[in-house]
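Visitor: Below is the structure I would like to discuss, written out as structure tokens.
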Amino acid sequence: MHVPIIISGSGVIGNYISLRLKKNNIPSIIIEKLSNSSNQEQSIRTVTLNSYSMALLKDMNIEVKNQPVTKISVRDGEGSGAIDFDAKDINEKNLSYVVMFDELKNKLSCHNKENTFFNAEINEINFQEDNNSTEVILIDGKKFTTNIVAACDGRSSKVAKLSLLKSFNSNYEQVAFTFLVKAENYDESIAKQIFSERGIFALMPSPKDNNMTVVWSVKNTDLEKKDYTDYVNENLSYFEKKLNTKLEITSSILNFNLSKHYYKNYVNKTIVLLGDSAHSIHPLAGQGINLGFADADIFCEEIIDNYKKGSNLSEKIALKRYEIRRKSLNLVMLKSMDFFVHLFGNENLYLKLIRNWGLSSVNKNKFLKTFFMKHASGFNKI
């Protein structure tokens, strides 16, 4: 059986790509190793979408319940440094939008039920001699031929490994906690972030039952041998004082190790890497899913344009154009987040002084604040 495009992974990005291709009459199938079900982690997980990602969803007629963020307040918990971002400063109504991950995924995946293979996994990818088509063999023995294999199967991408492309991996030596809370007398349109010796603590609006979302990253050394729930309960009061509010935990506390990776190149013959399969980033700025949407947009743009011209779908230039247009921007974002993680995670006195001075200086500079807000909005296509 021949399929023009095979997508590995039925996450948000894989489903978005399949839906957009379908609307342009380009057939695809999605291969997903998991069953078609939700889990606890998804049920409380939120993601923050910028205006660019929201516009992409709107173009696909996808509407998802969201909690707009109009202001973002960033504070150094150990000093006086601060930055305040306001959507009004860039003549926008909102800076970003917080949505529930499972609702977003379900709204997209419901359009791809007929072309998604669950409990299936790609086992082999064999390039044909002319490199213009590829044989894909699943674990159960099913065989397909395709023009393009799109890896959208996450940080531990099987397809990325099969691509034989070179990757760079490292560990932040941090653990992130995420959970839902009720906050007393708190404006739900404002997101706050505090950098402190007890970790990077973000309190985000949530569209779920008037809750707020906490994303809190902590050094492994700070946890020592403590149970993570004990650590959260012992240190939450510190941030309550900084935020001047009372936080009541209303969900389970999820935790995951923080690491990063990126691939030197995104394309090898007919295999192309997108989203977390190609790169991962610290959750500090909540930009991971937005980078994925940007990858998906440019990939679809190139493939659809190539298809309309009547060119072979697997023509190398289309995939290489995607790689060129996205790789440098993704790397800049990744390196920028690494810089901030190091700057705000370091307790060196001189670095503390520098970051306090830096935050306050940027806060006074309208040009820089505007630049950061517009860049974060995502409308910086190449």
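The values are calculated or read from the model by the stated rules, or taken from the named source; none is laboratory data. Only a predicted model underlies this, so the values are computations on that prediction, with no experimental measurement involved. Neighbour counts are summed over all protein chains in view; Cβ atoms, including those assigned to glycine, are modelled from backbone coordinates with ideal geometry.
Visitor: Give the residues of the stretch 82-138 that are of a type in the set (D, E, K, R), at pLDDT below 95 and not in a helix (DSSP H, G or I), sorted by residue number.
Guide: Asp84, Asp86, Glu92, Lys93, Glu129, Asp130, listed by residue number.
Visitor: How about the stretch 86-116: which of its residues are touching a strand residue (DSSP E or B) at 6+ places or on another chain (Cβ under 6 Å), surrounded by fewer than 21 Cβ atoms within 10 Å (Cβ to Cβ) and closer than 21 Å to Thr213 by Cα?
Guide: Across the stretch 86-116, the qualifying residues are Asp86, Asn94, Phe101.
Visitor: As an exercise: evaluate Ser189 against (1) within 19 Å of Ser277 (Cβ to Cβ); (2) touching a residue at least 40 places away in the same chain (Cβ under 8 Å); (3) not β-branched (Val, Ile, Thr) and give the number of the one condition it does not meet.
Guide: (1)
Visitor: Report whether or not Val12 is under 23 Å from Lys88 (Cα atoms), among the β-branched types (Val, Ile, Thr) and in contact with a Phe, Trp or Tyr (Cβ under 8 Å, 6 or more places away or on another chain). Even if it seems obvious, please write down each step before you answer.
Guide: Numbers: under 23 Å from Lys88 (Cα atoms): no; among the β-branched types (Val, Ile, Thr): yes; in contact with a Phe, Trp or Tyr (Cβ under 8 Å, 6 or more places away or on another chain): yes.
So Val12 does not fit the description; no.
Residues checked against (1) among the β-branched types (Val, Ile, Thr); (2) more than 30 Å from Asp222 (Cβ to Cβ); (3) touching a strand residue (DSSP E or B) at 6+ places or on another chain (Cβ under 9 Å); (4) modelled with pLDDT of 65 or more:
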{"residue": "Phe293", "(1), (2), (3), (4)": "no, yes, yes, yes"}
{"residue": "Asn306", "(1), (2), (3), (4)": "no, yes, no, yes"}
{"residue": "Tyr322", "(1), (2), (3), (4)": "no, yes, yes, yes"}
{"residue": "Asn330", "(1), (2), (3), (4)": "no, no, yes, yes"}
{"residue": "Ser361", "(1), (2), (3), (4)": "no, no, no, yes"}
{"residue": "Ser377", "(1), (2), (3), (4)": "no, yes, yes, yes"}
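Visitor: Being surrounded by 16 or more Cβ atoms within 10 Å (Cβ to Cβ) and touching a Gly at 6+ places or on another chain (Cβ under 9 Å) is true for just one of Val3, Val69, Val64, Val12. Which residue is that?
Guide: On the way: Val3 fails: touching a Gly at 6+ places or on another chain (Cβ under 9 Å); Val69 fails: touching a Gly at 6+ places or on another chain (Cβ under 9 Å); Val64 fails: touching a Gly at 6+ places or on another chain (Cβ under 9 Å).
The unique qualifying residue is Val12.
Visitor: Another question, if that's okay. Every residue in the stretch 156-184 that is surrounded by fewer than 16 Cβ atoms within 10 Å (Cβ to Cβ), touching a residue at least 12 places away in the same chain (Cβ under 8 Å) and not in a strand (DSSP E or B), please. Can you show your working first?
Guide: In the first step, residues of the stretch 156-184 are kept if they are surrounded by fewer than 16 Cβ atoms within 10 Å (Cβ to Cβ); the result is 156, 161, 164, 166, 168-171, 173, 182, 184.
Now restrict to residues that are touching a residue at least 12 places away in the same chain (Cβ under 8 Å): 164, 166, 168-171, 173, 182, 184.
Passing the criteria: Leu164, Lys166, Glu184.
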